[in-house]
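Inspection log for the structure reproduced underneath, given as structure tokens.
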Amino acid sequence: MTTPILIVGAGIAGLWTALKLAPRPVILLTGAPLGEGAATGWAQGGIAVAAGQDDDPSAHAGDTLVAGAGLSLPAAARALAGGIGAEIDALRKLGVPFETDERGALSLALEAAHSHPRIAHISGDQAGAIIHRTLITAVKSAPHIDIREGWHLAALIPSREGGCAGALVRNANGRSETLRASHTILATGGYGGLFADTTSPSGATGAPIAMAARIGAAIRNPEFVQFHPTAIRTGNDPLPLATEALRGAGARLVDANGHSITAGQDLAARDIVARAVHRAISTGRGAFLDARDAVGAEFPDAFPGVFRACRAAGIDPRTEPVPVCPAAHYTMGGIATDLEGRTSVEGLWAVGECASNGLHGANRLASNSLAEGLVFGHRLAIAVASAATPRRTPGQARATRPLPPVVLKGLRRAMSDLAGMVRHGEGLEDLRLRIDRLDARFGETDETVLARLVADAALARQESRGAHFREDYPEPSRQAIDTLMTPFARHELVAAE
């Protein structure tokens, strides 16, 4: 009998990879029902593609490299920019209704740090939701995919030969099962939910990344966490998002008196804008997104998702500025992979936000995330289909208990306060001591493993670069250097290629 390929995660990266693996048998694990729990459905901005008359993939790749602040790999940027057009064509063939002009060409909008309008939208701010629904329909009708809803990853199974042999899971009835796999693919999202102020799903604490580290996978750049400048300040957990496309349409970031808080640079790179919003809030000026003139009465039709979130919070963006704040939104760090998704552990692959393949570097360019899931999911599927499957003898999987909810809430608050958008060595040292105390009390957990990786890497990076900002080291170093960390050992700093 053919041992199936195991994919954990049902966002855009996991679903696209599963579809592209046809006809090889795939088991697709998702802890939540399909369509719930994945960040893909919340993505508002769209997909970046160089399809305009004056644009080309080299310009898109160039913008990606600039945003990455010296740590994005040129080969990764070229692969994304050169490959996303074909993936969008494939989505359109599945019925995804991208906005087009009268000639049938993609309608393209401008977002921060892009040199050209190149963001393909779907029904205003509904790109992620509509793509997700379309892919779910396709996956449900694919005979090679065995969908296991309500199944949770508990641990990865190391093989005695040094690779990954599958996963220890909890099935929909809560019982433990061992799933042998010829290849195990993690598409489990990032760890933005490890922070209290976040736009990420509540379960996105990055536990699978810690599980990969436990069996020997290298982790790259966990300190780089992108904070979106315009989460809507509602007090919800997670916070709803006001898409960057609003600023692309002319909305302005202002303080309580209506004065610009970015000196008019509302479409600068996200780290720059987010710090401007943070300064305005911390100095008592407040921060608001004013779309009254730019969007006004068109808001319900132009940005229906944002409009619903605002109205649920008692805000009418047609007639009043929207209160905003920075929030953890996307994690550039993750399991170190090559451009096909191979990790340092044979038989273990990673794709999407849980992976760090060198594309995003120190700061993700807006609307490159959905594109990444598509392009690199396709590349991974091709690589897996041609990969050898050596004998793998299962070893002992090591599962940990999660932190109690109230304790995790405290850790998340500490992560936002001490390893958030503005960091300082003293605060990071304090964070590490708090993590030590949690481990002494509860034993090492996946959440504390990942929190420690973030804290250690942020403390070691004695510079400010991209999304990582240190008050005590506010300038970038002359050399751009990746952080590579092996499980439970001192990290090494290796010059970026």
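The values are calculated or read from the model by the stated rules, or taken from the named source; none is laboratory data. Since we're looking at a predicted model, the values are computed, not measured. Here the Cβ positions follow ideal geometry from the backbone for every residue, glycine too, while neighbour counts run over all protein chains shown. Calculation scope for accessible area: heavy atoms of the full protein, side chains included, ligands and nucleic acids excluded. Shrake-Rupley method; radii C 1.70, N 1.55, O 1.52, S 1.80 Å.
How much length is gained on full extension from Ser477 to Ile272, taking 0.36 nm per residue of separation minus their Cα-Cα distance?
72.0 nm
Ranked by accessible surface with a 1.4 Å probe, highest first, in what order do Glu426, Glu320, Glu244 come?
Glu426, Glu320, Glu244
How much length would be gained if the chain were fully extended between Arg279 and Ala440, taking 0.36 nm per residue of separation minus their Cα-Cα distance, in nm to one decimal?
Fully extending the segment from Arg279 to Ala440 adds 54.3 nm.
Which value in nm describes the separation of the simple spin-label points at Thr393 and Lys93, placed 7 Å from the Cα toward the beta carbon?
So the two model labels end up 4.5 nm from each other.
Rounded to the nearest 5, what is the percent of antiparallel bridges among the DSSP beta bridges in the chain?
Rounded to the nearest five, the antiparallel share is 65 percent.
What accessible area, in Å² to the nearest ten, does a 1.4 Å probe give for His152?
80
Compute, for Asp417, the solvent-accessible surface of its heavy atoms (probe 1.4 Å) with the complete set of protein chains present, and express it in square angstrom to the nearest 10.
Taking all protein chains as shown, Asp417 has close to 90 Å².
Over all directions, average the projected area of the Cα convex hull of the chain and note it in nm².
22.3
What Kirkwood hydrodynamic radius do you get for region 314-368 when you take the inverse of the mean 1/r over all pairs of distinct Cα atoms, in Å?
13.7
Size of region 140-241 along its principal axes in angstrom, Cα-based, largest extent first?
That works out to 47, 34, 26 Å along the principal axes.
Please report the net charge: other residues with Cβ closer than 12 Å to the Cβ of Glu149, K and R +1, D and E -1.
That works out to 0.
Would you mind computing, in nm to one decimal, how far apart the modelled labels at Val406 and Asp54 are, each placed 7 Å from Cα along Cα→Cβ?
About 6.0 nm separates the two model spin labels.
On the accessible surface of the chain, probed at 1.4 Å, how many percent belong to carbon and sulfur atoms?
It is 50 percent, rounded to a whole number.
Would you list, by chain and number, the lysines whose Cα falls below 21 Å from the Cα of Lys20, excluding same-chain residues fewer than 8 positions away?
Straight-distance partners of Lys20: Lys93, Lys140.
Between Arg318 and Glu429, what is 0.36 nm times their sequence separation minus the Cα-Cα distance? Round to one decimal in nm.
35.5 nm
Please report the spacing between the Cα centers of region 151-227 and region 447-488 in Å, no decimals.
Their Cα centres are 22 Å away from one another.
Could you please report the charge total around Leu15, scoring K, R as +1 and D, E as -1 over all other residues with beta-carbon less than 15 angstrom from its beta-carbon?
Result for the neighbourhood of Leu15: -2.
Rg(Cα) of region 46-109 divided by 2.2 N^0.38 Å?
So the Cα radius of gyration is 1.21 times the expected 2.2 N^0.38 Å.
Taking amide H positions as placed in the peptide plane 1.01 Å from N, state which residues far from Ala165 in sequence (5 or more) or on other chains have amide H under 5 Å from it.
It is Ile157, Ser159, by chain and number.
Quick check: pseudo-label points 7 Å beyond the Cα along Cα→Cβ at Ser141 and Gln265, how many nm apart are they?
Taking the two extended label points, one gets 4.9 nm.
Just the ratio, please: alpha-carbon radius of gyration of region 350-497 over 2.2 N^0.38 Å, N its number of residues.
Ratio of Rg to 2.2 N^0.38 Å for region 350-497: 1.23.
Compactness ratio of region 274-413: Cα Rg over 2.2 N^0.38 Å, N = residue count?
Normalised Cα radius of gyration, region 274-413: 1.51.
Would you tally the net charge around Thr393, using a Cβ to Cβ cut-off of less than 11 Å, leaving Thr393 out, and scoring K and R as +1, D and E as -1?
Local charge sum for Thr393: +3.
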